[in-house]
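Here is the structure we will look at, set down as structure tokens.
The values are calculated or read from the model by the stated rules, or taken from the named source; none is laboratory data. Keep in mind the model is a prediction, meaning the values are calculated, not measured. Reconstructed Cβ throughout: ideal geometry from the backbone, glycine too, with neighbour counts over all protein chains shown. Calculation scope for accessible area: heavy atoms of the full protein, side chains included, ligands and nucleic acids excluded. Shrake-Rupley method; radii C 1.70, N 1.55, O 1.52, S 1.80 Å.
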Amino acid sequence: MAKATTIKEALARWEEKSGQKASEAKEVKLYGQVPPVEKMDGALSALVNCEKLSLSTNCIDRIANLNNLKKLRILSLGRNNIKNLNGLEAVADTLEELWISYNLIEKLRGIRVMKKLKILYMSNNLVKDWAEFVRLAELPLLEELVFVGNPLQEKFAADQNSWIEEATKRVPNLKKLDGTLVVKEEEEEGGEGGEGAQGAN
């Protein structure tokens, strides 16, 4: 069996192809390596200026070694074998978008530290309980969520409106769910807006 590609090897290939230095680059693309990357190893610590990192379509099983990525805003980890969100706390102060669809995530424990997260794409994972879903309500800025293809959402496959209603009841800040704009009733919006405005003074 082919040996996995290390991050160091993937970065060397990317530097050669892009003509950029990994330590200076704002966007680094390491997706779809052949053979695939299996570990987010210590070589990631070179990416001190990286704002968008793509490691999708590999065989990574856990999130690790993001401590030096102090500027990371977008992390793309779709189509891997990731089972939980441990390791994200290293980028909790900067990460705004997490793309983690097509993985094996069942529990959302640990997501609450992601105070800047605005966009979460996590379709086709294994979340099956509302008890996990409600953890998303602890993310103050989360406004766009893609959750289709999780067992919890599939229970509502025949009735998308009920899914949107139940989901937004539990995570009221959402503005967009599974590609659908969430329309709140205007009185509510007006009321909340008014409070927000006073709070800002």
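Per-residue answers, yes or no, for (1) under 10 Å from the mean Cα position of the chain (by Cα); (2) among the polar types (S, T, N, Q); (3) open to solvent by less than 10 Å² (accessible area, probe 1.4 Å):
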| residue | (1), (2), (3) |
| --- | --- |
| ASN86 | no, yes, no |
| VAL91 | no, no, yes |
| ILE111 | yes, no, yes |
| MET122 | yes, no, yes |
(request) Taking GLN153 as the residue in question, decide whether it is in a helix (DSSP H, G or I) and either under 30 Å from VAL48 (Cα atoms) or at pLDDT below 95 (or both). (result) no
(message) Every residue in the range 125-140 that is within 13 Å of the chain's Cα centre (by Cα) and either part of a loop (DSSP other than H, G, I, E, B) or of a type in the set (Gly, Ala, Ser) (or both), please.
(response) ASN125, LEU139
(request) For the range 3-26, state whether one or more residues are surrounded by fewer than 17 Cβ atoms within 10 Å (Cβ to Cβ), at pLDDT below 95, over 18 Å from the mean Cα position of the chain (by Cα) and in a loop (DSSP other than H, G, I, E, B). (result) yes
(request) Quick one: count up the residues across the range 53-110 that are in contact with a strand residue (DSSP E or B) (Cβ under 8 Å, 6 or more places away or on another chain) and farther than 20 Å from PRO36 by Cα. (result) 10
(message) Checking the conditions here, which among LEU75, LEU98, LEU85 is touching a helix residue (DSSP H, G or I) at 6+ places or on another chain (Cβ under 9 Å) and under 14 Å from SER123 (Cβ atoms)?
(response) LEU98
(request) Search the range 27-53 for residues being outside any loop (DSSP other than H, G, I, E, B) and open to solvent by 10 Å² or more (accessible area, probe 1.4 Å), and hand back the single one that is nearest to TRP99 (Cα to Cα). (result) LYS52
